[in-house]
Amino acid sequence: MRYTLAAAFMWPWIVIAGSLTDIKHVVFLMQSGRSFDHYFGTMSGVKGIVTPGQSSTEGVPAGSSILPWPASYLGGNWTDVAQCMIGGYDGWSQSHQVWDNGANDDWASANTPNSMAYFTRDDIPTHFGIAEAYTVGDMYQQAVMSSIDPNRVFFFSGSAGIPGGPQQSDEGGPVLQDSAGWPGCGHTDPNLDCWPLKWHPIMKHLQDANVTWQVYQDTPYAHGQQILAGFEDFNITAPGDPMYNRGLAVNESNSFITFIDQAMNGTLPQETLTGKDAGGWFDHVPPTHSPNGTAGEWMQDPYGGAGYTPAGPGQVMFLEKWLQALGYNVTTSEINPWRRQYMSNLINAFDFNNPNYSVPNPPWPATPPNDTVLSSFCGQYPDRNPLIPINETRSSALATEEGFKQVRGNLTEGRYLVFEQNGYALANTGGAEMTTMVATPDHELIVQQWVVEQYEAFVPNFKFYSVVDKRYVENVVIEYLGADVGYSLFCDGLYWGIENNETAGIMQFSSKPAGFNIYSVTYGNSAWT
């Protein structure tokens with residue numbers, strides 16, 4: 001399932017112009033227990049709950065399916081109550097049952113109907129404001145199709161120890177379930193969730209390279225919330241050791257208040273980590289995963305329910321490239337080669353040639369209760385889950401905001417797209433051939449909207465459909481050329497382009513690429529089933 005507030009999904013072999021050395025501090029904050037659709041599925045211009053290519057309930061018997069539904073649909077104080085909802089389950093077995101061999105269609109029965117609930121801007125206005133002030137990553141995904149511990153282990157090290165990967169069988173793991181980092185194995189015959197973990201977390205590589213780093217936390221690791229204690233590199237440390245002081249200690253020097261103070265006065269270490277998973281909440285996008293049988297990625301389900309299955313989708317790793325740009329030799333050996341090849345680049349989230357230094361101004365959040373213990377706040381709402389709406393219509397359940405966002409990074413399917421160059425947009429006006437029209441500021445015209453269907457994951461070849469009548473062009477290669485250039489479109493040995501001759505936009509076909517701007521749009525006139 002996809003995470004929130006992260007950089008977009010990208011192909012790793014694209015190199016973007018600009019300077020990573022302009023970045024002086026990197027902060028990794030891992031959002032806990034929320035899927036992308038649960039938070040931002042109704043946001044305009046993203047791969048949200050209304051996108052082309054989703055499963056249809058047409059012809060399904062009444063009462064046998066449920067649509068996603070707004071968590072606070074009852075009104076009143078349900079905007080507050082919904083923050084305390086108990087959604088679904090995010091364990092290995094439930095996650096793989098929901099995945100259903102890639103169909104991703106078993107949420108309500110294999111998980112719970114509550115898992116289908118989602119927030120809107122009215123529920124979480126500050127989150128929406130922050131997300132729209134930066135790059136919204138609608139294809140950033142958790143690393144393992146499971147719960148907290150496997151994803152934290154991967155977050156801190158680049159691996160969960162899946163058999164066939166870089167880790168040896170005597171190094172602990174594979175971490176598939178929550179077990180709080182205690183010594184021994186959580187399951188035997190076969191051995192699973194075995195601790196301590198003897199491969200290195202990223203902090204060990206940072207420490208060896210003299211990169212300053214710090215984990216900020218307010219919860220003692222002894223409570224099981226600090227997964228680093230399960231790594232042998234930390235397990236053998238004691239107070240006074242830099243690894244302990246920077247990773248395990250809980251005191252005023254590494255509290256969240258200290259983090260805020262250091263961020264404001266510019267004294268953060270180079271690398272900051274704080275910490276996770278989708279929490280069992282619905283997401284319509286099937287997890288991205290490697291080809292069947294990829295070493296270190298696929299395994300026989302040890303719990304017997306899913307057969308031969310991928311352990312999880314990909315995760316992106318940006319840290320190495322940034323540190324190498326600053327002159328540090330930091331390369332981890334823990335990441336599976338497949339993930340390193342296909343899932344290792346966050347750089348396309350940036351536009352170094354056209355930086356935006358404006359200060360975001362998201363809606364200011366309400367003052368939290370004086371008692372910040374969540375159980376105290378939620379304790380005032382004994383009934384935290386509303387009745388499941390059973391008479392939904394697509395128009396009511398799947399109402400999304402209208403608008404657009406410019407696309408950055410390499411393209412995946414599942415969006416309504418507008419392609420523009422030199423003030424004109426590709427269009428289908430009903431004639432025998434594709435043509436052009438003057439682009440509009442809001443990119444709202446249906447005749448300018450297209451849907452792409454990927455032939456194969458991680459290969460930029462697409463069917464290029466018109467939303468108007470589903471006519472399509474075969475095998476269009478769409479590649480990202482950088483934030484300041486845009487995208488090239490290549491078909492039948494020639495690149496597409498649009499020439500502006502001051503009176504019209506003329507389709508051009510040449511041997512040289514010309515950059516298109518792509519906009520992901522969400523409007524009521526779009527319809528694709």
Report task. Run down the aspartates and glutamates and flag those whose C-alpha is under 14 Å from the C-alpha of LYS198, throwing out any fewer than 8 positions away in its chain. Result -> ASP170, GLU171, GLU232, ASP233, GLU334
Query raised in the report: Could you give me the ³J(HN,Hα) list for the range 87-99, computed from phi with Karplus coefficients 6.51, -1.76, 1.60 and θ = phi - 60°, whole Hz, x at Gly and Pro?
Result: x, x, 10, 10, x, 4, 5, 5, 5, 6, 5, 4, 4
Query raised in the report: What are the chymotrypsin sites (Phe, Trp or Tyr not before Pro) within the range 416-462 that DSSP puts in a loop, where the Cβ has at most 14 other Cβ atoms within 10 Å?
Result: TYR455
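Given a Förster radius of 56 Å and the C-beta distance between ALA238 and GLU474 as r, what FRET efficiency does 1/(1 + (r/R0)^6) yield to the nearest 0.05? Present the calculation step by step, with values, prior to reporting the outcome.
Numbers: r = 64 Å, r/R0 = 1.14.
Taking R0 as 56 Å, the efficiency between ALA238 and GLU474 is 0.30.
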Query - At R0 = 51 Å, FRET efficiency that the Cβ-Cβ distance of ALA263 and ILE86 yields, to 0.05 - result: 0.95
Query - Candidate lysines - alpha carbon under 16 Å from LYS47, same-chain residues fewer than 8 apart omitted - result: LYS405
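Give me the net charge of GLY505's neighbourhood, meaning all other residues with Cβ under 13 Å from the Cβ of GLY505; Lys, Arg count +1, Asp, Glu -1. Write out the running numbers ahead of the final one.
Details: positive: none; negative: GLU420, GLU499, GLU502.
For residues surrounding GLY505, the net value is -3.
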Query raised in the report: Which listed residue (TYR495, GLY431, LEU417) has the Cα farthest towards the positive end of the charge dipole for the range 406-522, taking +1 on Lys and Arg C-beta and -1 on Asp and Glu C-beta about the Cα centre?
Result: LEU417
**Report entry** Local net charge near GLY515, Cβ-Cβ under 12 Å (Lys/Arg +1, Asp/Glu -1)
**Finding:** -2
Query - Burial ranking of peptide ranges 43-52, 380-389 (average Cβ count within 10 Å, highest at the top) - result: 43-52, 380-389
Report task. Determine ³J(HN,Hα), in whole Hz, for all residues of the range 114-126 in sequence, where each value follows from phi through the Karplus function 6.51 cos²θ - 1.76 cosθ + 1.60 and θ = phi - 60°; x replaces Gly and Pro. Result -> 5, 5, 7, 6, 9, 8, 10, 4, 4, 7, 9, x, 5
Report summary line: Straight-line reach check, LYS204, cutoff 30 Å on alpha carbons, 8 or more apart in-chain or any other chain, hits among lysines -> LYS24, LYS276, LYS321
Query - Cα→Cβ-extended label distance, 7 Å offset, between SER109 and GLU401, nm - result: 3.5 nm
Query raised in the report: Using alpha-carbon pairs under 8 Å, 6+ residues apart, how would you state the relative contact order of the range 369-522 in percent?
Result: 24 percent
Query raised in the report: Label-point separation (nm) for GLN341 and THR429, each offset 7 Å from Cα along Cα-to-Cβ?
Result: 4.6 nm
Requested in this report: Calculate the spin-label point distance for GLN324 paired with TRP364, positioning each point 7 Å from the Cα along the beta-carbon direction, and give it in nanometres.
Outcome: 4.5 nm
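Nearest 0.05, what FRET efficiency do GLN380 and SER511 give at R0 = 56 Å with Cβ-Cβ as r?
Numbers: r = 68 Å, r/R0 = 1.21.
Computed FRET efficiency for GLN380 and SER511 comes out at 0.25.
Each reported figure results from applying straightforward, stated rules to the coordinates on display, with no laboratory input. All of these numbers come straight from a predicted model, not from anything done at the bench. Don't worry about glycine lacking a Cβ; one is built from the backbone with ideal geometry, like all the others, and counts go over all protein chains shown.
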